[in-house]
Structures are given as structure tokens and as C-alpha cells.
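The values are calculated or read from the model by the stated rules, or taken from the named source; none is laboratory data. In this text the structure is predicted, and so the values were computed from the model without any measurement. Cβ coordinates were reconstructed from backbone atoms using ideal geometry, including for glycine residues, and neighbour counts include every protein chain displayed.
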2 protein chains.
Amino acid sequence: MNDTFLKACRGEAVDYTPVWLMRQAGRYLPEYQAMRSQVDFLTLCKNPKLAAEVTLQPVDILGVDAAILFSDILIPLEVMGMRLEFSEKEGPVLSDPVRNKAGVERLEIPDPEEDLPFIFDTIKLLRKELANRVPLIGFSGAPFTLATYLIEGGSSKSFVHTKRMMFQNSPAFHYLMEKLSTTVSSYLSAQIKAGAQAVQLFDTWAGVLTPFDYAKYALPYVKRIIAEVKKEGAPVIYFANDCAGILKEIKKTGADVTGIDWRIDLGDGIKKLGKKAVVQGNLDPCALFLPHEQIEDRVKDILWKGESARGHIFNLGHGVLPQTPVENVIALVEAVHTYGRKP
Amino acid sequence: MNDTFLKACRGEAVDYTPVWLMRQAGRYLPEYQAMRSQVDFLTLCKNPKLAAEVTLQPVDILGVDAAILFSDILIPLEVMGMRLEFSEKEGPVLSDPVRNKAGVERLEIPDPEEDLPFIFDTIKLLRKELANRVPLIGFSGAPFTLATYLIEGGSSKSFVHTKRMMFQNSPAFHYLMEKLSTTVSSYLSAQIKAGAQAVQLFDTWAGVLTPFDYAKYALPYVKRIIAEVKKEGAPVIYFANDCAGILKEIKKTGADVTGIDWRIDLGDGIKKLGKKAVVQGNLDPCALFLPHEQIEDRVKDILWKGESARGHIFNLGHGVLPQTPVENVIALVEAVHTYGRKP
């Protein structure tokens, strides 16, 4: 079994730096596009056979050191009572956004195993099909990020509605964060019970908060979830996008691994987190448009900086972009495996 | 004359911390909305009498310590040969984006005074109408930020086109940056000659670059512009949004004042820039939705942190949002003036 990724998560010695990529299953792969030409996004997420197939594509094509469940962070919001649609143009749309106490009260706390059976069926199927080739990562959105979608009703530029509720109706906001945290904890724990060998908590929008507000409104919930989920015995990765200004706070999450986006030098990030940290990252997804030799140079630089941490898992600083040439992604994974070998 | 702002720019002793706000003239003001109900955005920018009126509104209503020319960073791109439109929904749209050498070659380097006479007429009119009540700030977009609009054709989420051109056609990208830098230098110098008493260079999108790419593709042009414009004798402010990860590089711009966005603690930002820095910032624009006492608490905190720098100009960490209650903006300015008094 290739357990390099899991060893790195635990800060153990490894033969080489493992690599996987956020959104490694996705639109940049012709094999994924072929699937999507036949079935829409949400149907794909909810069909264990197809979701498993799409999850495995990058394992076969790229040779990455981990598979990550194909799904979407917004899936659990549907069973909390929201109507979720994906528009090609606008991205996710949640009708009837939650902006007050009554809205929060209407949200149901789901029983993940009962309400999202397809997730756990996909995980079980994947463990069988992976047959220990590489470990399987489960995931969830972090509560603040999920809250932004619930409150904004989709993506946002300035997150005015979220921060207005946070600032003007703090009790309702905290109530929402409580409900989301309970949901996320049980969702991730159930994924591990079903077979996920590590889980990642995606905090895509945490970086829009001041460090003070992150510490006050987001971090306590992240800590609670991570403490809870860790009881299941699998490593927990916490990734906050645009994290440079809040790393001092992120140090306190209790996560086994901290993901770092590309806007900060990995060496600087490690200095902030401390040398005992295990880090994941942090190539700019757009660097995959560079010529191969330059991709290699950036890989070497990141690997070299990663050595100052207790452990390093190579990844992008955010998801693979749809326009990315597949051959460059393959070259990236090869470069990490070549230059990340330990002497 | 209230020259507190200019003194602070130069790092000189002041009686109190001066304050102005990015987008202090804008949609959150009913007086501005009344104007806009009669005239579209670009017409307003190009009419000296109306642009001056809108520039003065926040000086009267808020009591800020500086006025900033009402205009848009994209205005100079029109006279470089681009067609510019503002759509209520999508924001700025530039048709025929520049994505190769031929596109860059087609761009003309304008003679600002000849091609944008309304800008300098507005500045002259404003200096007369302000009659030294407060200083007048001119501004321009920084070349990287202007390049993103030219290349993307408007706003973007991932800046794929920009980075693709930067990485795959570096000579054409640098050629574009050269042309933009020449334009920005002469544009800002001409604003100072016409009467602007300080200028701000807005690098709204610099924060999407890795520190390495910022240093390679954006910083050299910023440095060159600032060195050039400084010859006119007015202070230059450089503001890069989402700057936490690139402050080490931003330290090298040569700007008199460095603007800092809200995603980093002001104290941490000053540590990165050094205590000799003069800083501007950095209240989260959304903090203006807080109750007044909490706005005051945040003002006190930022003022206290600002004291560790050689000089501090209070500002938001980005522009005032359209939904902001005017009374809270007034309360903010009052709080800065009250708690920012030097003993």
C-alpha cells in the first residue's frame, strides 16, 4: 500500500514528498468532461458508481498519492433544507438565503448516514476499488465558508450579508455556526467510519475575515470540529484560502496538517505556523500554464521550503483550473516525485 | 489650511491621526445617488463640474482630512484605444481584450494632458473650490492591476488570462507593463502639476500574485513609476489589496505611504514594513455595519497599532461599500478625530 500521504500527515518519515491536488478530478480532464456531457453536476455527485469513477480518474492519469472523494462542499446544505442549484454562469445558487434567527431555526441538523447515503456508498465503493493503491480523503466545507453560501445565497465579492449578520445579529450568526459545526462534525466522522482515511476541512472564504474576526467568529468552531473528528483516528487537514494574514490564528486549529494557499511564500507560512507543523501546498494553480522546466523550478523551490516543516504534502495553493493542460499536471506530479525523493 | 494629512504622509509630527476613506465619494451617499440618477458613471467622471461636486460631498458630509479626485482607474485605458463600458451587473467591460503582442502594439501611449483634459480641469476646479480646506489626492491604477483589466476584459476570479500571458508570453506581458508604466507615470505627474497634492497608486489585484511573481512581474514597474512621480515633490501612496503575503516585497516600492488592507493585523503589517514606514489603513469596510461603540473599539485598536509606525493615516482596508449607513461613516471619522488626538 502507498501510505506515503498518511505518513506525511502524521509527520512521520517518508521516502518522498507525497502529492495530491485540490480539484484533481474535474473539468480539465477530458475523461471528466466526457462523463459530464452525459450527466449534470449534482446527479454526478449523488451517483456512487459515477462519483467513484470520477474520483479514480486522476489516480490513474496523474499517479497522485491520494484520492479525494468527488463531491461538493454544498451537498450537506441541501439536507439542511436549502434548495441548491448549480448554474454554469453564476456557480452555486441557494434560494431563500438565511439572514436571521428564523432562517437559522428552519435549518435541520441532518443525520449524515441517513440523509446522504450516496456519500458513504461512494466511499465504501472507492475503498474497494482503490484496494489500498492510495488512501482516500473525505472532506467538508468549514462552517464559516458554508455560512457564507447560506447567507449570501451563493458566491460573493464583499460578503456584506455575511458580515452584516455577523456584526448586527451575532447571536443568530453564532446559532448558525453551531448548527453547521454539529453537521460538519458528524458528517466528517461518518466519512471516516465509512472508510475515508483522512479528511480535509475547506475554509475557502476564511481569508475575507480580519484576524480578529476570524479568531472570534470562525476559529472556535473549527477547533471544536477538529477536536471531535480527531477522535475517529484519521488525520485532519485544514485549508483556509487566502490565509497569509490569519496564519497566527490558524496555528491554533489543532489540525494535523495545515493547507497554505499560493499568496504567501511557503517558507514564510511555515515560520508563522512553527517548524513542528505539517503543511500542504502551495503552487499557484496558474503556474501550471508555465513551460515544463519552469514548473520544475517552482516545484523544487516549494519542496526545498517544505523541508523546514515537520512534514510536507505537495499540493496546489487552490484547485486545478478548468483551462489547465493535462500534460502539465502530469509533469507536475512527476516533478514532485522526482525531486521530492529523500536521500 | 488643514495639512495634517500631508504632514502624516511625510512622517512629520501631527496633532491627530488624519483620516480619509477609499471610495468616500460614492453610492452609499444619497447626495451621490441623486447625482447618478441624472447622469451615468462615465459621463460623471468626464464632467469637471459634476466630478468636482461629487468629490467635495464627503469633505462636507464626513469632515475627512483629504479629498480624492472622483474618477475611475480605467479611464486612461480608453485613450490607450480600448472601448470601456460600465454595466450595472458585470462592472467594467473592456471589449477586445489584449492577449498577445499585436494587441499590446495597438495600444497607444496617451498624452494625459491632451487626451484627458477633463481630469486636469477637475483637479484645477477642485483646488479652487477646496480653497486649502483639505489637500486633494490624485490617483491611478498600478500597471499590474490595469493589465488584468486589459487582458481579462473586465474583472476576474482566477486571472487565468493574465497569468497565462505572463507565463507563456512574458515578452508581450512585459511590453504591456512598459506601456502602462509610461502612461501611469505621466498621468500621475500631470495630476500633480495640475494641483494634486498627493497621489495614490491603486494595485487592487496585486494580491493574486505569488510573492515571487509580484517581485518579478509587478514590483519593478511600481518602483519605476514611484521614483519618476516622486520628482514632482508630492507624496506617493501605494495601496495593494490583499497584501499580507507580499508585504516583504512591497517594502521595496519606495512609496512615501503604504496602504494596508484589512486581512492583516495592522501591527503585523507594520512589523513587516519596518517602524520607519508610514502606513495607511486598515478597518474592514464591513466593520461599518457594527454598532457605534464597536466601531469605536476597532478605531482605538487600529490607532493604537498605528502608533508603532513612523506615521499613520487612518483609512479603510478597501473602499466604502454601497450598502454602508452614512451615519456610521460619520461616526467613524468622528471617532478617529476624537481618539487619534496626540497628547
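Observations on the structure shown:
- Selection within the stretch A:277-298 - more than 21 Å from the chain's Cα centre (by Cα) and in a helix (DSSP H, G or I): A:289, A:292, A:293, A:294, A:295, A:296, A:297, A:298
- For the stretch A:125-133, the criterion of being crowded, with 24+ Cβ neighbours inside 10 Å and modelled with pLDDT of 95 or more is met by at least one residue.
- Leading residue by the ranking (farthest from residue A:248 (Cα to Cα)) among those in the stretch B:266-314 that are of a type in the set (Gly, Ala, Ser) and more than 9 Å from chain A (Cβ to nearest Cβ): B:311
- The conditions of being buried (at least 24 other Cβ atoms within 10 Å of the Cβ) and either within 14 Å of chain A (Cβ to nearest Cβ) or in contact with a His (Cβ under 6 Å, 6 or more places away or on another chain) (or both) are not met by residue B:225.
- Against the test of being within 23 Å of residue A:163 (Cβ to Cβ), modelled with pLDDT of 95 or more and among the small types (Gly, Ala, Ser), the options B:319, B:311, B:340 yield a single qualifying residue, B:319.
Here's the yes/no breakdown for (1) of a type in the set (Lys, Arg); (2) away from chain A (no Cβ under 14 Å); (3) closer than 26 Å to residue B:90 by Cβ:
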residue	(1), (2), (3)
B:121	no, yes, no
B:124	yes, yes, no
B:130	no, yes, no
B:137	no, yes, no
B:143	no, yes, yes
B:149	no, yes, yes
B:158	no, no, yes
B:164	yes, no, yes
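- For residue B:261, the criteria (1) within 14 Å of chain A (Cβ to nearest Cβ); (2) surrounded by fewer than 23 Cβ atoms within 10 Å (Cβ to Cβ) hold in every case but one, which is (2).
- When we screen A:336, A:279 for residues that are of a type outside the set (Lys, Arg) and touching a Lys or Arg at 6+ places or on another chain (Cβ under 9 Å), the only hit is A:279.
- Members of the stretch A:57-74 that are within 17 Å of the chain's Cα centre (by Cα) and assigned to a loop (DSSP other than H, G, I, E, B): A:64, A:65, A:66, A:69, A:70, A:71, A:72, A:73, A:74
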